Amino acid sequence: PPPPPSSAASSSQLASSSTEESKHVYGVSPALRELVHAPLSFGGSLEQMDLTGTVGGRRRADPRHEDYRSAVVRRHEVLTEAMRFCDDIQGCLEGLVRNYDDVAKKTGKVDTDCQRMLKEQEILAAQANNLRKTVQYFNEAHVITNKMKTNDLAMKLVNSPELHRVLKRIEACIKFMRENSEWKEAQRYLGVFNRLLDKLFSTVKTYFVAQLRGAVNKLRREAQMDKTEVKMSSAKAFVEFQTVAARLKPLLQSVHDNAEGSEQYQVLMLVLCESYSQYRLKLLRAEVEDGWKREVEHRKIAEAVRSGCAYVINVLSFEYQLFEHFFELTEGSKQIVQNLLSGLSSVLYSVLRPLLIQEVDLEPISQAIIVLRKDILEQQVIPRGEALAPFIPVIGRLLEDMQLRLAYRAQIFINEQIAGFVPSEKDLDYPNRLRRPPSTAAGGAKG
């Protein structure tokens with residue numbers, strides 16, 4: 001039979017395996033590593049070797065057996081020590097695992113605490129921010145007061161782009177104080193902000209009227225230089241006030257925008273409209289009355305009605321357009337401009353009524369009624385809508401007075417010329433009266 005594989009080869013494989021295992025063993029002494037790596041060698045066949053020392057049925061001492069046995073014993077010791085070392089390593093690993101678990105638990109707790117502290121920090125930051133905003137509402141009183149400490153500073157604020165921000169801030173502070181009225185200083189600061197708002201509104205009104213007066217003074221200075229008469233209803237004055245309206249537009253627009261949600265700003269807007277209306281009416285009333293008198297002077301009543309109404313219609317149209325340049329047309333402002341136009345229209349009634357009372361002939365009164373109703377009311381006033389709507393009641397009053405005057409004079413004419421008429425013989429001389437020349441018939445009628 002073929003010889004069994006060499007013990008040396010088996011020993012080399014075992015040694016190689018041990019070497020690979022020993023590579024993963026840390027902390028092994030060099031002598032132990034060398035012993036582990038040493039190959040096992042045996043010159044004979046394992047089948048021919050009797051581990052009890054018997055070879056070929058005969059008992060005798062075999063030195064190779066003793067060497068191999070010694071090598072196996074040493075290898076066993078090495079492996080036993082390696083196993084013990086592995087047990088130690090396993091114990092160390094288990095200790096490391098326990099330590100890792102402990103560290104993981106502690107780090108997990110630390111992480112949880114950190115997350116909680118971060119949330120608390122965010123809450124504290126939000127509370128601090130809210131507190132800062134709250135304190136800022138109270139600090140605004142001092143800041144805004146310094147900006148309005150004197151009338152010059154207040155006027156400068158009104159004439160600056162910062163006005164809109166200040167108005168918004170005062171409104172926000174008033175709202176905050178009202179919503180947090182239970183705070184200790186809320187009521188006192190609410191009074192402070194209301195006084196600041198009232199002062200700012202008063203300054204706005206003063207500045208607005210000052211701009212209107214500035215335009216009037218400029219027109220008067222130019223009229224003095226040109227040695228002409230200044231007319232506030234002229235086209236030149238209209239253009240000058242248009243310029244003032246463009247200059248005041250940012251201010252008025254700011255007040256109008258805030259008026260949509262605030263009753264106080266609505267009142268301010270109406271106050272400005274009313275101030276404008278009163279100022280314009282004061283400027284124009286006497287001038288319109290004088291212009292009316294010039295238009296109707298030395299004219300018959302029908303011509304006076306036509307000329308005077310045309311003059312008033314022109315003035316009212318200019319005033320309505322100029323009001324639109326200054327203000328947005330809302331329910332409140334429409335009522336104010338209607339009052340302004342009504343005040344100017346009433347001049348027509350006050351000037352025309354004396355002329356109507358002086359007229360005694362029926363024909364001129366009838367012609368004036370036709371002109372006022374057809375030519376003026378139906379053709380010129382009604383088609384222009386709101387711009388001339390305040391003129392309609394004045395025309396209505398004039399028509400009523402004219403109709404009453406016409407009826408009164410007609411009654412007098414009937415009583416004097418018809419009821420008391422006694423015909424003469426010449427009046428009853430028919431048909432000869434019809435054959436006479438017109439001049440002779442007229443002479444007979446007069447007689």
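Worth a mention:
- Close Cβ contacts (under 8 Å, 6 or more residues apart or on different chains) running from residues in region 404-416 that are under 11 Å from V360 (Cα atoms) to residues that are part of a helix (DSSP H, G or I) and open to solvent by 80 Å² or more (accessible area, probe 1.4 Å) comprise R405/I357.
- Some residue of region 183-193 being of a type in the set (D, E) and closer than 28 Å to L283 by Cβ: no
- The conditions of being among the aliphatic types (A, V, I, L, M), at pLDDT 80 or above and touching a His at 6+ places or on another chain (Cβ under 8 Å) are met by A245.
Conditions (1) under 21 Å from L197 (Cβ atoms); (2) of a type in the set (S, T, Y); (3) touching a Lys or Arg at 6+ places or on another chain (Cβ under 7 Å); (4) open to solvent by 100 Å² or more (accessible area, probe 1.4 Å), marked per residue:
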position: N99; (1), (2), (3), (4): no, no, no, no
position: A104; (1), (2), (3), (4): no, no, no, no
position: T107; (1), (2), (3), (4): no, yes, no, no
position: D113; (1), (2), (3), (4): no, no, no, no
position: R132; (1), (2), (3), (4): no, no, no, yes
position: E140; (1), (2), (3), (4): yes, no, yes, no
position: K156; (1), (2), (3), (4): yes, no, no, yes
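- If you go through region 348-367 and pick out every residue that is more than 15 Å from Y408 (Cβ to Cβ) and touching a helix residue (DSSP H, G or I) at 6+ places or on another chain (Cβ under 8 Å), you end up with 7.
- Within region 340-364, residues that are without any contact (Cβ under 8 Å) to a residue 40 or more places away in the chain sit with their Cβ atoms under 9 Å from residues that are among the β-branched types (V, I, T) and buried (at least 17 other Cβ atoms within 10 Å of the Cβ), at 6+ positions apart or across chains, in these pairs: Q358/I301.
- Residue that is surrounded by 17 or more Cβ atoms within 10 Å (Cβ to Cβ), part of a helix (DSSP H, G or I) and at pLDDT 85 or above, where the choices are L356, L348, L404, L398: L398
- Condition check for Q127: among the polar types (S, T, N, Q), closer than 19 Å to V192 by Cβ and surrounded by fewer than 16 Cβ atoms within 10 Å (Cβ to Cβ): no
- Exclusive hit being touching a Pro at 6+ places or on another chain (Cβ under 7 Å) and either open to solvent by 20 Å² or more (accessible area, probe 1.4 Å) or on the phi < 0 side of the Ramachandran plot (or both), set S342, S424: S342
- Number of positions in region 278-333 that are in a helix (DSSP H, G or I), under 47 Å from the mean Cα position of the chain (by Cα) and among the aliphatic types (A, V, I, L, M): 11
- Residues within region 316-332 that are surrounded by 20 or more Cβ atoms within 10 Å (Cβ to Cβ) and either within 15 Å of I395 (Cβ to Cβ) or at pLDDT below 85 (or both), tallied: 1
The values are calculated or read from the model by the stated rules, or taken from the named source; none is laboratory data. Keep in mind it's a predicted model, so treat the numbers as computed, not measured. Heads up, the Cβs are rebuilt from the backbone with ideal geometry, glycines too, and the neighbour counts pull from every protein chain shown. The protein model used for the area step is the full one, side chains on, heavy atoms only, and it has no ligands, DNA or RNA in it. Shrake-Rupley method; radii C 1.70, N 1.55, O 1.52, S 1.80 Å.
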